[in-house]
Amino acid sequence: MTSRNSITEDLIRSTERARLLALVEGNTDEAIIHHGTDFELITPIGAVLTREQYLGAIAAKQINYLSWEPGHIAVRLRGDAAIIRYRAALEVEFGGHPIPLTDYWHTDSYELLDGRWQAVWSQATEIRPAH
C-alpha cells in the first residue's frame, strides 16, 4: 500500500523534474508556475537571484541551460513544506560563456502554495574533484 506521504513525495519529484525541463527549454511561462513569488536562488558562485531576476535571465538567454540531468531526488516532507536534495549533471551557458558539463548538488525548499508545490529557495553547489 502506498502512503499519502510517498504519493506527495513522488508529486514533488515530478514537479522538480517539470521545473528543470521548463528551465532547460527556456519556457519561462511554464517555469513561473513552479517558482513561488518569493523564490530565491543561491548560485554556485554565491549570487542571490529573485524569481524575476532568475527567470528574466533565462528569458534573455543570459542563463541558457543546455542540459540538466538529476539523479535520485531525496525528499523530506513536513506538512506543507518539503526539502529536496539531489546530484545533477548540468551544462549551461552563462552570459554567453559555456560552462562544461559539471556535477552539482542541489538543495531546494518547496512549499504548498495555492494548492501547488512550488520552489521557494534553491541552492546549487559545484562538486569539484579532490586534488
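The values are calculated or read from the model by the stated rules, or taken from the named source; none is laboratory data. Predicted, not measured: the structure shown is a model, and the values here were computed from it. Here Cβ is always computed from backbone atoms with ideal geometry, including for glycine, and neighbour counts include all displayed protein chains.
Annotations
- Some residue of the stretch 61-82 being charged (D, E, K, R), closer than 24 Å to Arg116 by Cα and touching an Asp or Glu at 6+ places or on another chain (Cβ under 7 Å): yes
- Taken over the stretch 97-131, the residue count meeting the criterion of being part of a loop (DSSP other than H, G, I, E, B) and in contact (Cβ under 8 Å) with a residue 24 or more places away in the chain is 1.
- Among the residues examined, Glu91 qualifies as over 16 Å from Arg116 (Cβ atoms), charged (D, E, K, R), at pLDDT 95 or above and crowded, with 16+ Cβ neighbours inside 10 Å.
- Residue list for the stretch 85-96, restricted to those being assigned to a strand (DSSP E or B), within 21 Å of Gly46 (Cβ to Cβ) and either touching a helix residue (DSSP H, G or I) at 6+ places or on another chain (Cβ under 6 Å) or not basic (Lys, Arg) (or both): Tyr86, Ala88, Leu90, Glu91, Val92, Glu93, Phe94
- Subset of the stretch 84-123 [more than 14 Å from Ile73 (Cβ to Cβ) and either acidic (Asp, Glu) or in contact with a His (Cβ under 9 Å, 6 or more places away or on another chain) (or both)]: Leu90, Glu91, Glu93, Asp103, Glu111, Asp114, Arg116, Gln118, Val120, Gln123
- Being surrounded by fewer than 18 Cβ atoms within 10 Å (Cβ to Cβ), hydrophobic (A, V, I, L, M, F, W, C) and over 29 Å from Thr8 (Cβ atoms) holds for only one residue in Ile63, Ile33, Ile99, Ile127, and it is Ile99.
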